[in-house]
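First comes the structure, then the notes that go with it.
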Amino acid sequence: MCSSDLAAGDDVTITLANAVVAKGETLTINGSGLNQASNDARLVFDGSAETNGSYIITTAGTTDHSVILGNGADTYTGSGSGATTVTATAGTNSITTGTGADTITAGSGADTMTGGTGSDIFAFGSAANALGDSVTDFVSANDQIGVTLDYSALLGAVTVNGVRTGAGVAGTTAVEATLTGQRGEYAYDTTSSKLIVNANADAAVSGADIQVSINAAATAANTIAAGDVNFTVTGTGFNDVFVTGAGADTINAGAGANDVDVGVDAVADLVNVVSSVTTTTNTIVVYNLDTTDDEIALVNGAGVADGTDAGALVNVAGLAGLTIDDVIADTAANLGASAVTVGDQSATFTDRKSVV
């Protein structure tokens, strides 16, 4: 692949149908030639349609490769310095990236992930997609764990407390002892070398929770710091409570009257507020908003056209006199004449738990 020098910005795009690789066979995609003398090329590979064959894929160079694996037992090895994105689908995969700031998203199979020396993100979308997975070279404060919690299908309000409830502790029982029964709480089990995220509303560790094997630090209790986990949380249509910790978190608030605490930290948090054709649908109170780092964005709900009066009332606790421009980022086209009211609302907020 790419035996001669390419023009700057060239992509090599490969999308394969299921029939390309026979059942039980392996196709090799050798991308070492992407590393050119002057103009490195970018591989955009999509093998997600493959159901029973396997891939061996290599890449090199400085570009940001994008690779979607198939449903077989695939092997990806990257040696470049670009910010590569690798997405697993299913199967037992071995994924190794290079020196860039890479993002590896686990699939429904058992994935072994090695991010290399860059500042990498290892992302897990559900308990099923974390089952049997392992991260081999996690470095606290350099790498991040991305956790998605989606409660949009639930028929009642949720309380999400996405914070570390203790430093590393030894054994499942010790992890359970740190939990209060709120969704999103997490701790590192030094006995099993697993990060455990309580995905449901109990204080017991079970198969419903996100569990990922992560290599222990020199001091095992320090493997996962409070700022190492980034949450993406989607709420219900009811009156939810969201608390997140020291990571760079995204909260997708539903159509209820929501309380959101983005935590006291110096990283960028995003709160998405769903708008409506009415004027009173969504009232949200946001705590610990830092206008230097954090953002509140108005997102069009069903039936809402850009530039219409999108009913969302936003109160930012402790920050009186803010204007829309202070908190709303990159959504000017969504706003009508009275789309958002911003002000100070003092309230008792009893569901928060301190980051440990």
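Can we say Asp137 is out of contact with any Asp or Glu (no Cβ under 9 Å at 6 or more places or on another chain), among the charged types (D, E, K, R) and open to solvent by 20 Å² or more (accessible area, probe 1.4 Å)? No.
Strands (runs of 3 or more DSSP E) fully within the range 186-270 that include at least 1 residues being open to solvent by less than 10 Å² (accessible area, probe 1.4 Å), touching a Leu at 6+ places or on another chain (Cβ under 6 Å) and closer than 18 Å to Tyr287 by Cα: 229-234. Is it the case, given these coordinates, that Ala41 is over 18 Å from Ile95 (Cα atoms), modelled with pLDDT under 95, small (Gly, Ala, Ser) and in contact with a strand residue (DSSP E or B) (Cβ under 6 Å, 6 or more places away or on another chain)? Taking the combined requirement at face value, the residue satisfies it.
Restricting to the range 164-185, name every residue that is of a type in the set (A, V, I, L, M), assigned to a loop (DSSP other than H, G, I, E, B) and under 23 Å from the mean Cα position of the chain (by Cα). Give the derivation first.
Taking the range 164-185 first, the residues of a type in the set (A, V, I, L, M) are 167, 169-170, 174-175, 177, 179.
Cutting the leftovers down to assigned to a loop (DSSP other than H, G, I, E, B) gives us 167, 170, 179.
Listed by number, the residues that qualify are Ala167, Leu179.
May I ask you to verify whether Val86 is within 23 Å of Gly47 (Cα to Cα), open to solvent by less than 10 Å² (accessible area, probe 1.4 Å) and either under 18 Å from the mean Cα position of the chain (by Cα) or not hydroxyl-bearing (Ser, Thr, Tyr) (or both)? Considered against the rule, which asks whether it is within 23 Å of Gly47 (Cα to Cα), open to solvent by less than 10 Å² (accessible area, probe 1.4 Å) and either under 18 Å from the mean Cα position of the chain (by Cα) or not hydroxyl-bearing (Ser, Thr, Tyr) (or both), Val86 comes out as yes. Residues in the range 223-238 that are farther than 15 Å from Asn252 by Cβ, at pLDDT below 95 and of a type outside the set (A, V, I, L, M, F, W, C): Gly227 only.
The values are calculated or read from the model by the stated rules, or taken from the named source; none is laboratory data. Fair warning: this is a prediction, and the values are worked out from it, not measured in the lab. In this analysis, Cβ positions are derived from the backbone assuming ideal geometry, glycine residues included, and neighbour counts consider all displayed protein chains. Only protein heavy atoms, including side chains, enter the accessible area calculation; ligands, DNA and RNA are left aside. Shrake-Rupley method; radii C 1.70, N 1.55, O 1.52, S 1.80 Å.
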